[in-house]
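Report on the structure given below.
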Amino acid sequence: MTQISMDPQVMKKHAEAHELVAEEAKKALSKTPRSIDAGLGSDAVATIVAKLVDPVDAAYRVHGTLGALVRGIANDATKTEEDVSASISRLADEVEDDK
């Protein structure tokens, strides 16, 4: 286990920042034209757009994943033994019902 520790509220702020970047990247990707009509420059413009889309797509995926991970860790850090016990009890009840 690492010795890294951070206040869960600070972690949630970091998660929000990652989620915001992911949302903005997703918006940018949704506005990417599917076809380029720039006359003789169409191929060049399409190449430029393609080179811009890849890093934006990577930012969307990376920041979306990091946001979810950090938020999950922050949420888990604030759970008490009673919260965990209640979750396990609900799971045990569901397993028992399935028999």
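The values are calculated or read from the model by the stated rules, or taken from the named source; none is laboratory data. Everything numeric in this text was worked out from a predicted model, so none of it was measured. Cβ placement follows ideal geometry from the backbone for every residue including glycine, while neighbour counts extend to all protein chains displayed.
Candidates E19, E24, E82, E94: the one that is at pLDDT 95 or above and out of contact with any helix residue (DSSP H, G or I) (no Cβ under 7 Å at 6 or more places or on another chain) is E24. State whether the residues of the stretch 77-86 include one that is under 24 Å from the mean Cα position of the chain (by Cα), touching a residue at least 24 places away in the same chain (Cβ under 8 Å), in a helix (DSSP H, G or I) and surrounded by 10 or more Cβ atoms within 10 Å (Cβ to Cβ). There is at least one residue in the stretch 77-86 that is under 24 Å from the mean Cα position of the chain (by Cα), touching a residue at least 24 places away in the same chain (Cβ under 8 Å), in a helix (DSSP H, G or I) and surrounded by 10 or more Cβ atoms within 10 Å (Cβ to Cβ). Restricting the stretch 28-72 to residues that are within 30 Å of S5 (Cα to Cα) and of a type in the set (A, V, I, L, M), the residue that is farthest from the chain's Cα centre (by Cα) is A58. Scanning the stretch 7-38 for residues that are surrounded by fewer than 16 Cβ atoms within 10 Å (Cβ to Cβ) and of a type in the set (G, A, S), we see that the one that is nearest to A77 (Cα to Cα) is A17.
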